[in-house]
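S.K.: Before I ask anything, here is the structure I am working with.
The values are calculated or read from the model by the stated rules, or taken from the named source; none is laboratory data. Here the structure is a predicted model, which means the values were calculated and not measured. All Cβ positions, even for glycine, are placed from backbone atoms using ideal geometry, and neighbour counts span all protein chains on display.
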Amino acid sequence: MKNSVHAMAIACVFSGLLTLTAYGQFRSPDPYQRDSNAQQEQQGPQIRREAGQQGPGQGQGQGNRVGQGSGARRADDMRGPGGGQKQGGGQKQGGGQGQGGGQGQGGGGSRNPVILALDANRDGELSASEIANAVTSLKALDKNGDGNLSRDEMRPEDGDQGQAAQRQGGQRQGGQPQGGPRQEGKRPAGGPMSTREPRPDSPAAAVPFAGDDPQKMTTLSSAEGFVLVQAGSFEMGDHHDLGGQEHRNDEVPIHTVQISSFHMQVTETTNQQYCDFLNDGLAAKAIELREGQVVQAGTNTVFCDTFESDNASQIALSDQRRFVMRPGKDKHPVVCIRWHGAAAYCNWLSEEEGWDTCYDTQTWQCDFAKIGYRLPSEAEWEYAGRGGLTETYRIFPWGDEPDTRRVNWPNSGDPYETGPYPWTTPVAFYNGTTRTKDEFNWPGSQATYQTADGANGFGLYDMSGNVWEWTGDWYNRDYYADGPAANPMGPMAGTPVQDGNTYRVLRSGSWFNGQWGHGRVSNRNPSYYRGPDDPNHSYYHIGFRPVRSVEGLAVASIVPRVAVRPQPPRQPETVLRPSLLESSGVDLGHGVPGDDEVRADGQTLGLLINDTRAFKGYTLFAPKHNTMVYLIDNEGRVVNRWDTEYEPGQSVHLLENGHLLHCCFTKNGNFTRGGEGGRLEEYDWEGNLVWEFEYSTDKVLSHHDIAPMPNGNVLMLAVEYKSQQECIDAGFDARALRDGHLFPEHIIEVKKTGPKSGEIVWKWHVWDHMVQDFDSTKANYGNVSEHPELIDVHGSQRGIPAFWNHGNSIDYNANLDQIVLSARGFNEIWVIDHSTTTEEAAGPAGDLLWRWGNPVAHKNGKREDRQLFQQHDAQWIPDDCPGAGNMLIFNNGLDRGFSSVIEIKTPVDGKGRYTSFDAPILWEYRADPPTAFYSSEISGAHRLPNGNTLICAGCVGNFLEITPEGEIVWRYANSVVREGILAADGEPGTDHRGHQWNAVFKIHRYAPDYPGLVGKSLTPGQVIEQPIGAPMLPTGDRSERKFGPGGSPGRGAGREQVGEQHRGTGGEQRRPGGEQRRPGGQARGR
């Protein structure tokens, strides 16, 4: 008897697997192994009609696909996925037959696919013959006779279902973009297209929500590509106290939420699916293309970018006036999508399937009483993302352990992590099978890539990572305490963020940056940080997936107060739990070579390498998230510290009189959204404030960087406000202005006139030196390519953000009396003449003398000619250093995924005139592999008198000194974060951008004989970092000793300087997945 029961149990388990395989023959859960999908795509409409799923015959659409007007739709184009027919006012008639006969799926009986598979005659009972037949079938599948069934053994053979034909049909031909006419009335394929129930191995279902009828729920099925998420209740929020490590924890209080059943798309929406929507909208004249952006017809509402406006978009408009995709990107998630573009797609999809549309395209309000497609609420998204794991609440959709084989996170090691951004993977790529290059034609060199099963308990893929997903909710940081307990559909208004505006919520995380890709299942992100405020590349990691309420259960939210669970005490904001860090196996997307070796003794912060070949001097730096400024020796010991009242905004300089110039972050947040300043202070050596100058109003703001001059004056970078009308008058296309106004650059020279005053003695404005070929009625109209000395108003080659030029560094050359400005927004450096008067600077004498880095910006080159990638810290090499007169630039590497430092020779003659736009790269530092060294923003580098180069990898707060051959001979990691000072083995954590909390804008090293140090007391004090294992020292807990707010007094002083053998190159860099690579830096030239 025991053996008989055991055999039956085995038969049931394997029959369940066989059932999933059998369902796969109708609609496989793997969109890349769909054996009969090609055939079904041809027969889909007929199959649905034969299954009794014909939708309403006639009806009025609320909007025509994308959102204009209304009108009757053809009867054959109104098929609805519900059972029965829908007529007129929506009364259901008949019943229609579901899959498996006339009773629907299960007819009120078991929904377990194992039981359904065994119950061949659908009588609700399992006979001995049914079990025996199942066992016989399974044995026949076991080709190798090992008693197990592999995925390959369970999968139907290619020849039986025409899989090879499907793959052949899906390949690009002749290198042309994919995409063309699709069959009328057919939903585009783009994910697992089965009618799926929660997987048999999913955890116990959440507590049922009493508002749903269990009898009715047993007969519901989802449209192709969607899964039914059964009703339940769960405790929403951050159960692991991790939200407070990235920012103020807005994922609390934990509160119980009840969710009605709904359908959710199994995968993120693909490029193919979105292309179909765009082509329908284009044919209906419901959308327009302006400067490469798709906008709602007759409005300024942006739906998405195309390749023309943002080269991260995988969609373009062909010469035949059809939207097409880049080759091989049809099954990748669509990116560069705005919230309205996602909502408009949902309306279109509703009309395609005969449902009432949810969004009013005039107000964009969502009518939750409708049962058409819409974006999920935050609560629905998190409930679905957890996949039923509500007995023990987990960090990720599958559990607590980070697993880069399940998900596309930064540095997951997948074969798409190379080439141009975005580094998305195809939807449902992580399904537990071995993927092959032959099948996917990925850009990486790997022939195969083994994935783990990334679907959660509901069968949903990519609920962590790949791309951020829009929700319907406004971001309100307090909504968890104030929202309703049943079906919370979002607050009526959002919480204003830094720019004073409100934004929708994003969920899921992405491929781009942050620990675990910010992919915790409870993580909330206001789209401000991934859209308009993202300095990396707005929207290129944002997509979406639709949901639909269950028919008869769509309800507007009722508002009882949330039941709030008491919260445990929180950890300090910047300290992540060591157990999670140790097990993560994932870095933050930024880094420097040699992390493994320098961390071999457990130390992560403070002095990590100090070779005898390092240049002896004193390094000045200002932690980006703190108010203290430090000067340290090569042993990492503090020789002076200035305690200020402001965080840096952004650079600091030590003057030749020993005073500190400190740019201050005044938090006038209406301007640049990055690098803000507004105030300049001067402190003497003893820390006394001796001069201050404010440049912060509602019209102007200093930012980022300054350049002290030999005459005692200071050059300052600043922006000024220009209204939309001023922009139009200057020849801008108003439709290209993302924010409706601009903050162009200008430079001021300030002369100190008193302890709290300064006189602006010279100015230069970008606004005086522009050209455009858009509006011929304007005075600055001209041929852009013929005027490289002028700045093209549309030269940024993208939708124009308010911080248009995005200057981030300034340097002055006294020998030439010239200024170099780093214009990150143009991927260029600009040189201008300072010998002019302010009046002359406003005319031709103030035009650009020279520019370099991106000839596309002045229409004199191609994309492949681009040399700079959102660079920082362009500066002339000083006279006392090798390479004097050349320029050194920190090339951040956005859009290519790694950083470098380059030295270029400018084509300038003895009279300061530039003879060409060419500038040979004489020397370059890259890591080996290049991606081991990456700091996407801030950062800097400068040449030292001994020929070495000092580098600040700003995003990770690491300082490196490298030899001309690329060998690391000194390395230091900042231990100062917002709340205080970490221990030497601490982990700084990351902010909302993925920058570590110990970030530093840039650094300077001064020789012992520098005039500002002569005669000063340079007696070293303590190191900054706390001893290994010590708790964080709060910033307010200052040591009474003049030098050194904490740390171990003897550790820095006791270090011996060593020769080449001491961590010379930084050792090996650990890569996700256990792969080891040698990171030795590479330098060429010189």
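S.K.: Conditions: (1) surrounded by 14 or more Cβ atoms within 10 Å (Cβ to Cβ); (2) touching an Asp or Glu at 6+ places or on another chain (Cβ under 9 Å); (3) at pLDDT 95 or above. H995 meets all but one. Number of the miss?
M.R.: (3)
S.K.: Moving on. Inside region 440-457, can you point out the residues that are hydrophobic (A, V, I, L, M, F, W, C), surrounded by 18 or more Cβ atoms within 10 Å (Cβ to Cβ) and part of a loop (DSSP other than H, G, I, E, B)?
M.R.: Residues satisfying the conditions are W442, A455.
S.K.: In region 375-419, what residues are of a type in the set (G, A, S), under 20 Å from V229 (Cα atoms) and surrounded by fewer than 24 Cβ atoms within 10 Å (Cβ to Cβ)? If you could, list the steps in order and put the result at the bottom.
M.R.: Our first condition is that a residue be of a type in the set (G, A, S); within region 375-419, this holds for 377, 379, 384-385, 387-388, 399, 412-413, 419.
Going one step further and asking which of them are under 20 Å from V229 (Cα atoms), we end up with 377, 379, 384-385, 387-388, 399.
Result: G388, G399.
S.K.: A further question follows. Y503 - would you say it is surrounded by fewer than 24 Cβ atoms within 10 Å (Cβ to Cβ) and aromatic (F, W, Y)?
M.R.: Values: surrounded by fewer than 24 Cβ atoms within 10 Å (Cβ to Cβ): yes; aromatic (F, W, Y): yes.
Answer is yes for this residue.
S.K.: In a loop (DSSP other than H, G, I, E, B), hydrophobic (A, V, I, L, M, F, W, C), at pLDDT below 80 and more than 23 Å from G387 (Cβ to Cβ) - does that describe any residue in region 585-605? Steps first, please.
M.R.: Narrowing region 585-605 to residues in a loop (DSSP other than H, G, I, E, B): 585-590, 592-594, 599-605.
Subset that is hydrophobic (A, V, I, L, M, F, W, C): 586, 588, 592, 600, 605.
Subset that is at pLDDT below 80: 586, 588, 600.
From what's left, more than 23 Å from G387 (Cβ to Cβ): 588, 600.
So far as region 585-605 goes, yes, one or more of its residues are in a loop (DSSP other than H, G, I, E, B), hydrophobic (A, V, I, L, M, F, W, C), at pLDDT below 80 and more than 23 Å from G387 (Cβ to Cβ).
S.K.: For region 618-628, how many residues meet the condition of being touching a Pro at 6+ places or on another chain (Cβ under 8 Å) and either at pLDDT below 95 or among the hydrophobic types (A, V, I, L, M, F, W, C) (or both)?
M.R.: Residues in region 618-628 being touching a Pro at 6+ places or on another chain (Cβ under 8 Å) and either at pLDDT below 95 or among the hydrophobic types (A, V, I, L, M, F, W, C) (or both): 2 in total.
S.K.: Here is a check on your reading of the model: is L715 more than 30 Å from L1018 (Cα to Cα) and aliphatic (A, V, I, L, M)? Spell out how you get there, then give the answer.
M.R.: Values: more than 30 Å from L1018 (Cα to Cα): no; aliphatic (A, V, I, L, M): yes.
So L715 fails the test.
S.K.: Restricting the search to region 308-351, which residues are within 18 Å of the chain's Cα centre (by Cα) and among the hydrophobic types (A, V, I, L, M, F, W, C)? Full working, then the answer.
M.R.: Kept after step one, since they are within 18 Å of the chain's Cα centre (by Cα), are these residues of region 308-351: 310-314, 332-339, 342.
Hits for region 308-351 are A312, V334, V335, C336, I337, W339, A342.
S.K.: If you don't mind, there's one more thing I want to ask. Among the residues of region 653-687, which ones are part of a loop (DSSP other than H, G, I, E, B), touching a residue at least 60 places away in the same chain (Cβ under 8 Å) and of a type outside the set (F, W, Y)?
M.R.: Initially, region 653-687 is screened for residues part of a loop (DSSP other than H, G, I, E, B), giving 655-659, 666-675, 677, 684-687.
Pick out the ones that are also touching a residue at least 60 places away in the same chain (Cβ under 8 Å) and you get 655-659, 669-675, 685.
Residues satisfying the conditions are L655, E656, N657, G658, H659, G669, N670, T672, R673, G674, G675.
S.K.: Of the residues T418, T404, T425, which single one is in the same structural domain as G387 (by TED's automatic domain parsing) and in contact with a helix residue (DSSP H, G or I) (Cβ under 6 Å, 6 or more places away or on another chain)?
M.R.: Details: T418 fails: in contact with a helix residue (DSSP H, G or I) (Cβ under 6 Å, 6 or more places away or on another chain); T425 fails: in contact with a helix residue (DSSP H, G or I) (Cβ under 6 Å, 6 or more places away or on another chain).
It is T404.
S.K.: Here's something else I'd like to know. Go through region 779-834 and count every residue that is of a type in the set (S, T, Y) and touching a Lys or Arg at 6+ places or on another chain (Cβ under 9 Å). Steps first, answer last, please.
M.R.: Keep residues of region 779-834 that are of a type in the set (S, T, Y), which gives 781, 785, 796, 809, 812, 822.
In the following step, the residues that additionally are touching a Lys or Arg at 6+ places or on another chain (Cβ under 9 Å) were identified as 785, 809.
Looking only at that region, the number is 2.
S.K.: Follow-up question, since we're still on this one. Hey, can you tell me all the residues within region 458-469 that are among the aromatic types (F, W, Y) and part of a loop (DSSP other than H, G, I, E, B)? Spell out how you get there, then give the answer.
M.R.: Residues of region 458-469 among the aromatic types (F, W, Y): 458, 461, 468.
Once the filter is applied, which keeps residues that are among the aromatic types (F, W, Y) and part of a loop (DSSP other than H, G, I, E, B), region 458-469 yields F458, Y461.
S.K.: Please determine, by comparing only the residues of region 481-493 that are at pLDDT 90 or above and either assigned to a loop (DSSP other than H, G, I, E, B) or in contact with a strand residue (DSSP E or B) (Cβ under 6 Å, 6 or more places away or on another chain) (or both), which one is surrounded by the fewest Cβ atoms within 10 Å (Cβ to Cβ).
M.R.: Let us first name the residues in region 481-493 that are at pLDDT 90 or above, namely 484-491.
The next check asks that each one be either assigned to a loop (DSSP other than H, G, I, E, B) or in contact with a strand residue (DSSP E or B) (Cβ under 6 Å, 6 or more places away or on another chain) (or both); those that pass are 485-491.
On the way: A485: 19, A486: 20, N487: 24, P488: 25, M489: 19, G490: 23, P491: 17.
So the residue we want is P491.
S.K.: Mind counting the residues in region 655-701 that are over 25 Å from D499 (Cβ atoms) and in contact with a strand residue (DSSP E or B) (Cβ under 8 Å, 6 or more places away or on another chain)? Break it down stepwise before answering.
M.R.: From region 655-701, those over 25 Å from D499 (Cβ atoms) are 655-662, 681-693; that's our starting set.
Still in the list and also in contact with a strand residue (DSSP E or B) (Cβ under 8 Å, 6 or more places away or on another chain): 655, 659-662, 681-685, 687, 689-693.
Total satisfying the criteria: 16.
S.K.: Would you check if I800 is outside the structural domain of A718 (by TED's automatic domain parsing) and of a type outside the set (K, R)?
M.R.: Values: outside the structural domain of A718 (by TED's automatic domain parsing): yes; of a type outside the set (K, R): yes.
Criteria met by I800.
S.K.: Let me ask something additional. Just for strands (runs of 3 or more DSSP E) wholly inside region 267-374: which have at least 2 residues that are surrounded by fewer than 18 Cβ atoms within 10 Å (Cβ to Cβ) and of a type outside the set (S, T, Y)?
M.R.: On the way: elements: 287-290, 293-296, 302-305, 315-317, 323-325.
In region 267-374, the matching strands (runs of 3 or more DSSP E) lie at 287-290.
S.K.: Check whether at least one residue in region 655-670 is charged (D, E, K, R), modelled with pLDDT under 95, within 27 Å of I395 (Cβ to Cβ) and surrounded by fewer than 19 Cβ atoms within 10 Å (Cβ to Cβ), and report yes or no.
M.R.: no
S.K.: Quick check, is F615 surrounded by fewer than 22 Cβ atoms within 10 Å (Cβ to Cβ), within 24 Å of V1014 (Cβ to Cβ) and modelled with pLDDT of 95 or more? Walk me through it before giving the result.
M.R.: Details: surrounded by fewer than 22 Cβ atoms within 10 Å (Cβ to Cβ): yes; within 24 Å of V1014 (Cβ to Cβ): yes; modelled with pLDDT of 95 or more: yes.
Taking the combined requirement at face value, the residue satisfies it.
S.K.: Pull out all pairs, ordered by first then second residue, where Cβ-Cβ is under 8 Å, the residues are six or more apart or on different chains, the first lies in region 495-507 and is outside the structural domain of L375 (by TED's automatic domain parsing) and in a strand (DSSP E or B), and the second is at pLDDT below 90 and crowded, with 22+ Cβ neighbours inside 10 Å.
M.R.: Pairs that qualify, where the first residue is outside the structural domain of L375 (by TED's automatic domain parsing) and in a strand (DSSP E or B) and the partner is at pLDDT below 90 and crowded, with 22+ Cβ neighbours inside 10 Å: there are none.
S.K.: Across region 766-814, which residue is surrounded by the most Cβ atoms within 10 Å (Cβ to Cβ) among those that are of a type in the set (F, W, Y) and either part of a loop (DSSP other than H, G, I, E, B) or touching a helix residue (DSSP H, G or I) at 6+ places or on another chain (Cβ under 9 Å) (or both)?
M.R.: Just the residues of region 766-814 that are of a type in the set (F, W, Y), to begin with: 767, 774, 781, 803-804, 812.
Still in the running and either part of a loop (DSSP other than H, G, I, E, B) or touching a helix residue (DSSP H, G or I) at 6+ places or on another chain (Cβ under 9 Å) (or both): 767, 774, 803-804.
Working: W767: 16, F774: 15, F803: 25, W804: 27.
Filtering region 766-814 for residues that are of a type in the set (F, W, Y) and either part of a loop (DSSP other than H, G, I, E, B) or touching a helix residue (DSSP H, G or I) at 6+ places or on another chain (Cβ under 9 Å) (or both), the one surrounded by the most Cβ atoms within 10 Å (Cβ to Cβ) comes out as W804.
S.K.: Tell me which residues, restricted to region 303-316, are of a type in the set (A, V, I, L, M) and modelled with pLDDT of 95 or more.
M.R.: Keep residues of region 303-316 that are of a type in the set (A, V, I, L, M), which gives 312, 315-316.
Within region 303-316, I315, A316 qualify.
S.K.: Of all the residues that make up region 634-663, how many are acidic (D, E) and over 26 Å from D811 (Cβ atoms)? Let's see the steps before the verdict.
M.R.: Quick first cut of region 634-663, residues acidic (D, E) only: 635, 643, 645, 647, 656.
From the residues that got through so far, the ones that are over 26 Å from D811 (Cβ atoms) too are 635, 643, 645.
Count: 3.
S.K.: Name the single residue, out of those in region 607-652 being among the aromatic types (F, W, Y) and assigned to a loop (DSSP other than H, G, I, E, B), that is farthest from F693 (Cα to Cα).
M.R.: The residue in question is F615.
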